[in-house]
1. Go through the range 34-45 and count every residue that is touching a residue at least 24 places away in the same chain (Cβ under 8 Å), more than 15 Å from I219 (Cβ to Cβ) and part of a helix (DSSP H, G or I).
2. If you take the residues in the range 11-42 that are more than 21 Å from R198 (Cβ to Cβ) and surrounded by 14 or more Cβ atoms within 10 Å (Cβ to Cβ), which one is modelled with the lowest pLDDT?
3. Output the residues belonging to the range 164-187 that are under 17 Å from F43 (Cβ atoms) and either in contact (Cβ under 8 Å) with a residue 60 or more places away in the chain or in contact with a Gly (Cβ under 6 Å, 6 or more places away or on another chain) (or both).
4. Would you point out the residue of the range 71-97, among those that are touching a helix residue (DSSP H, G or I) at 6+ places or on another chain (Cβ under 8 Å) and of a type in the set (V, I, T), that is surrounded by the fewest Cβ atoms within 10 Å (Cβ to Cβ)?
5. Among the listed residues L192, L224, identify the single one that is of a type in the set (A, V, I, L, M, F, W, C), under 25 Å from F81 (Cα atoms), surrounded by 14 or more Cβ atoms within 10 Å (Cβ to Cβ) and at pLDDT 95 or above.
6. Tell me whether the range 120-142 contains one or more residues that are surrounded by fewer than 16 Cβ atoms within 10 Å (Cβ to Cβ), at pLDDT 95 or above, assigned to a helix (DSSP H, G or I) and of a type in the set (V, I, T).
7. More than 22 Å from L96 (Cβ to Cβ) and over 15 Å from the mean Cα position of the chain (by Cα): is that true of F153 in this structure?
8. Restricting the search to the range 48-58, which residues are farther than 14 Å from E209 by Cβ, surrounded by fewer than 18 Cβ atoms within 10 Å (Cβ to Cβ) and in contact (Cβ under 8 Å) with a residue 12 or more places away in the chain?
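The values are calculated or read from the model by the stated rules, or taken from the named source; none is laboratory data. What you see is a predicted model, and the numbers here were worked out from it, not measured in a lab. Note that each Cβ is placed from the backbone with ideal geometry, even for glycine, and that neighbours are counted across all protein chains shown.
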Amino acid sequence: MTDYLCASAVRRAQRRVVGALALAFACSGAVADGNPNDPYEGFNRPMFAVNEAIDKYAAKPVAQVYDNAVPLPVKASVGNFFGNAGDLWIGVNSALQGKFGDAGIDIGRLLINSTVGIFGLFDVASELGLERHDEDFGQTLAVWGVGGGGYLFWPVIGPRNVRDTVGFAVGTYADPVMYVRPVSVRNSMAALRFVDVRASLLPSDKVVEEAALDKYAYIRDAYLQRRRSQIFDGRPPRLDD
């Protein structure tokens, strides 16, 4: 009886996902706004619809359970641990962009948090005034003069442009979590990180839903603005009128 109920619930969820995708695909072309930064909008909106279905019926419910069930100190330690694991790659990108002082801070953070901070569970470095930087290979490519190449939206991965998609792929190879063995532990760590990140975004969901007449365009424009700010370290030059 239990197996039957579980199978029935799975089938209902599958029908909801398929229905949501069919509706979103049908409507995707009708709301295109012809933004010059979004030359692949015909591809992006269906991919956005796929992501919305995955998020609604899988990612968000799991993140909500995690957010409600896990104590705040544990969630903070999880975020600190994965943040510490990324500090080495941040330092490499700081150096590749010629920010050698920042690179030294990034490596210092890694050493302090990996030791005094007990494998990064506690962010001791920030308490000492060594704040985390926000660098990745997509930003490095931009500093080297590589153009964005047009906006893209990927299911699960989220918004990127062509340059940042390449940067994301390179960053994946540099991710220390990807080299953890056995594979089952690696996959569990990757899943935990994904759920933790999704849970951290739950407070912004309501803001986006209430503010956006076109959620796809809202997320696209917010992403493009944020990436421009990151590339110029929060001081982007004025755009020509």
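1. Count: 1.
2. Top of the filtered list is S28.
3. If the condition is that a residue be under 17 Å from F43 (Cβ atoms) and either in contact (Cβ under 8 Å) with a residue 60 or more places away in the chain or in contact with a Gly (Cβ under 6 Å, 6 or more places away or on another chain) (or both), then D164 is the only one that fits.
4. V92
5. Checking each option against the conditions leaves just L192.
6. no
7. The answer is no for F153.
8. Within the range 48-58, I54, Y57 qualify.
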